[in-house]
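The values are calculated or read from the model by the stated rules, or taken from the named source; none is laboratory data. Quick caveat: nothing in here was measured; it's all calculated off a predicted structure. FYI the Cβ positions are ideal-geometry reconstructions off the backbone, even for glycines, and counts take in every protein chain you see. These area figures cover heavy atoms from the full protein model, side chains too; ligands, DNA and RNA do not enter into them. Shrake-Rupley method; radii C 1.70, N 1.55, O 1.52, S 1.80 Å.
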Amino acid sequence: MGNHEKIIRGCSAGGIGPYLGMMILGIDIGGTGVKGGLVQLPHGVLKGDPVHVPTPHPASPAALTRAVKKLVVHFQLLLLLLVMLLLLTTV
């Protein structure tokens, strides 16, 4: 396994039959950073490098919510760019 593909421990395959092969956004809230990355189901394989946002101090619920929102917005923009590229290449 290279640096860009890692098994996420604790990911469960139970009950996700309809979602096989889908990608989800995994979020890890830690003491020094909040990290997010695309995780492929059902085995919890991290695809690509995670994005890191520093953990706010103090880590209030509102401050942590803002940090997680930054990650979500990053991946929403990435998805939008990928869809636009796909549409441009099919024209």
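Within segment 11-22, is even one residue surrounded by 11 or more Cβ atoms within 10 Å (Cβ to Cβ), under 16 Å from the mean Cα position of the chain (by Cα) and modelled with pLDDT of 80 or more? The answer is yes, given that some residue of segment 11-22 is surrounded by 11 or more Cβ atoms within 10 Å (Cβ to Cβ), under 16 Å from the mean Cα position of the chain (by Cα) and modelled with pLDDT of 80 or more. The set of residues from segment 43-83 being in contact (Cβ under 8 Å) with a residue 12 or more places away in the chain, open to solvent by 50 Å² or more (accessible area, probe 1.4 Å) and either closer than 16 Å to Met22 by Cα or of a type in the set (D, E, K, R) (or both) comprises His43, Lys47, Asp49, Lys70.
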